[in-house]
Amino acid sequence: MTNDSRSGLPWTPEEVVQLRRLADEGLTATAIAFKMGRTRAAIVKKAVAERLSLDPAKHQSR
């Protein structure tokens, strides 16, 4: 069974904020999907729509 309890539901403003925060922390799309109860595809699609980077290398400390 997958952890996609929010699959197919519209994104709330709070979820978009959470997605931004998790992406800024450098989590992978798969990890974000698990934490948010969405599919990896939904995370990637929303990240593209919001112009968010899901590349953990871009979020590492320098």
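Within the range 1-50, work out how many residues are in a helix (DSSP H, G or I), among the charged types (D, E, K, R) and buried (at least 17 other Cβ atoms within 10 Å of the Cβ). It would help to see each step written out before you state the result.
Here is the first cut: in the range 1-50, the ones in a helix (DSSP H, G or I) are 13-24, 29-36, 40-49.
Among the residues that remain, those that are also among the charged types (D, E, K, R) are: 14-15, 20-21, 24, 35, 40, 45-46.
Checking the rest, the ones that are also buried (at least 17 other Cβ atoms within 10 Å of the Cβ) come to 40, 46.
So the count comes out to 2.
Within the range 5-32, residues that are closer than 16 Å to Val48 by Cα and among the acidic types (Asp, Glu) reach partners that are modelled with pLDDT under 95 and surrounded by 13 or more Cβ atoms within 10 Å (Cβ to Cβ) with beta carbons closer than 8 Å, at six or more positions or on different chains, in the pairs Glu15/Arg6; Asp24/His59.
The values are calculated or read from the model by the stated rules, or taken from the named source; none is laboratory data. On a predicted model such as this, the values are computed, not experimentally measured, just so you know. Cβ sites come from the backbone with ideal geometry, for glycine too, and all protein chains shown count toward neighbours.
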